[in-house]
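For reference, the structure is listed below as structure tokens.
Every number here is computed from the coordinates shown, using simple stated rules; none is lab data. Predicted model, so just to flag it, every value in this text is computed and none were measured. Heads up, the Cβs are rebuilt from the backbone with ideal geometry, glycines too, and the neighbour counts pull from every protein chain shown.
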Amino acid sequence: MHSANISIEEAARAANLSSFHFIRRFQAVFGETPHQFRTRERLTTARRLLARGHSVTGVCLDVGFSSLGSFSALFAREVGISPARYQRNLRTSVVPALDGRAGRNRNFREDIAASVSDALPMRIKLNSIFVDDQDKGLRFYTDVLGFRKKQDFPIGGARWITVVSAEGPDDLELVLEPNSHPAASAYQSALRKDGIPVTAFESADIRSEVQRLKEKGVVFTIEPTVAGTVTIAI
């Protein structure tokens, strides 16, 4: 049976971390957010219960979903087939594992072992940028800059929002983090006062991109300028 939900705030307090720091640390270690981990664990349990012959409706409730439609849609999206078809196929064929490969269920310990054995050199996974208003920030980074929203779910009084490049790696995420902490707002103010960029992005055609952004109301303090082997604009 699915155990009672533990909120991100409760888990963060137990770890003596802020909610945002807890999510960053969790994703850095396990390669997925707590929300993604919990969803995967629910689906793993659902697959196990379906294999034991439990009804689809009963499994839906047992793993913590209140809507059969939402459960079935999520199951089909992640596993590749509906819960009912999954249960039928168990009697006649091998069904896909949660990681997309054919075979048996893999538990969380096996997933971690596999990720460690196949580990790559250290790389950047998450980067944060503080925003005054998360909704406004999300609109700016998607509608104006052209990034794509990847994650958006509530954590306490804020949300965990990440965006990714529309053309680049899907697993390199920029977190739009609220500047509610005094240190964050002070950091923002100091950078603005001294005219220091908080981050940098790349474009294949910076002059055309600057013109496009100007047409959307973006203000530049430095026009496209050659700086060694690159051209920059601020």
Apply the a/c threshold of 1.5 to the C-alpha gyration tensor of segment 146-213 and tell me whether it is rounded, prolate or oblate. oblate
Could you give the length gained by full extension between Ile196 and Asp135, i.e. 0.36 nm per residue of separation minus their alpha carbon distance, to one decimal place? 19.6 nm
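Using a/c under 1.5 as the rounded threshold, could you call segment 16-63 rounded, prolate or oblate? The axes a ≥ b ≥ c are square roots of the C-alpha gyration tensor eigenvalues, and prolate needs a/b larger than b/c, oblate otherwise.
In terms of gyration-tensor shape, prolate.
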For Thr162, Thr33, ascending order of other Cβ atoms within 10 Å (fewest first) is Thr33, Thr162
Return the loop-located GluC sites (Glu not before Pro) in segment 138-227 (DSSP other than H, G, I, E, B) with at most 15 other Cβ atoms within 10 Å of their own Cβ; answer none if there are none. Glu167, Glu202
Within segment 155-202, report the chymotrypsin sites (Phe, Trp or Tyr not before Pro) that DSSP leaves as loop and that have at most 16 other Cβ atoms within 10 Å. Phe201
Would you mind ranking Leu176, Leu43, Leu213 so that the residue whose beta carbon has the fewest other beta carbons within 10 Å leads the list? Leu213, Leu43, Leu176
